[in-house]
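The values are calculated or read from the model by the stated rules, or taken from the named source; none is laboratory data. These numbers were taken from a predicted model, which means no experiment stands behind them. Positions of Cβ are backbone-derived with ideal geometry, glycine not excepted, and every protein chain shown enters the neighbour counts. Note: areas computed on protein heavy atoms with side chains; ligands, DNA, RNA excluded. Shrake-Rupley method; radii C 1.70, N 1.55, O 1.52, S 1.80 Å.
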Amino acid sequence: MITLTSNALASSSTKTSQAQANEVQPTRTTPSVTSENQDTQPVFSSRAEKLAQINKEFDITTPGFRISQQFINRLSEIGFISENEATELNKGLPLTSSGTQSTESVETLKSAVEIIFERIKNEDGVSGLLSVLDKSQQILDNLDGSKSKVFPIDPTTAAAELDHYLKSDNASVLTEKEKQSLGDLKTAFTIADKLSPEQRTSAEISKYMEILKRYS
């Protein structure tokens, strides 16, 4: 005959209770957020992350980048510009042969600026415009502020200069195609201002570049 001591009974009872508890309570796991959910409902905690996401979607740093209606609307969705600003910018976009609205590509716009500069550099009343055109290349190469946090000229000032010139009598020296190119350039300056690196610290730019590498 086997006699169970009180300690043995207590131990057996404890093990039975633990086993029952394990059966009653299933293993809990922390739900994970899938990449699909992140794409559907992205949450950006910093300006750097917003910039990285915009670059991921539109390749701002490439020569073929165009400022399109889709791009402008996306800037509004993410919070870089207001809905009213998006509406005004979209109004200035030319209609392409494919039926969409967008500026010329950065590469084409840079070439157009060079041609305009050379063609009108000896005209009267164009000194202010020539100064803007001369500095525009560096802005076009740095729309998202990834290369430098300082522009050679304030984009807002440059856009205002272009707007003033295009409305002046001196604009008569330009062809309609050239006027449209300068209109596209004005839009690019406005975008550069909205993504302006002057509003970010060097640390934020470094963070942006780090995030951009992860997206590439």
Practice prompt. Could you please let me know if ASP141 is within 24 Å of PHE71 (Cα to Cα), open to solvent by 50 Å² or more (accessible area, probe 1.4 Å) and modelled with pLDDT of 85 or more?
Written response: yes
Response to the item:
Note: among ILE54, ILE81, just one is under 10 Å from the mean Cα position of the chain (by Cα) and surrounded by 15 or more Cβ atoms within 10 Å (Cβ to Cβ), namely ILE54
Worksheet item: Which residues, taken from segment 84-100, are over 19 Å from the mean Cα position of the chain (by Cα) and among the hydroxyl-bearing types (Ser, Thr, Tyr)?
Response: THR96, SER97, SER98, THR100
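Counting just the residues of segment 144-167 that are small (Gly, Ala, Ser) and free of Cβ contacts under 8 Å to residues at least 40 places away in the same chain, which one comes out surrounded by the fewest Cβ atoms within 10 Å (Cβ to Cβ)? I'd like the intermediate steps shown before the answer.
The first filter runs over segment 144-167 and keeps only residues small (Gly, Ala, Ser), leaving 145-146, 148, 158-160.
Those left that are additionally free of Cβ contacts under 8 Å to residues at least 40 places away in the same chain: 158-160.
Details: ALA158: 25, ALA159: 20, ALA160: 14.
The selected residue is ALA160.
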Discussion item. I need a count of the residues in segment 89-114 that are more than 22 Å from LYS167 (Cβ to Cβ), at pLDDT 95 or above and not polar (S, T, N, Q).
Written reply: 4
Item to complete: Please go through segment 68-117 and pick out each residue that is assigned to a loop (DSSP other than H, G, I, E, B) and free of Cβ contacts under 8 Å to residues at least 40 places away in the same chain.
Response: GLY79, SER82, THR96, SER97, SER98, GLY99, THR100
Discussion item. Just to be sure before I move on: is THR190 surrounded by 16 or more Cβ atoms within 10 Å (Cβ to Cβ) and in a helix (DSSP H, G or I) in the structure I sent?
Written reply: yes
Discussion item. Every residue in segment 118-159 that is more than 20 Å from the chain's Cα centre (by Cα) and either in a loop (DSSP other than H, G, I, E, B) or small (Gly, Ala, Ser) (or both), please.
Written reply: LYS121, ASN122, GLU123, ASP124, GLY125, VAL126, SER127, GLY128, SER131, PRO152, ILE153, ALA158
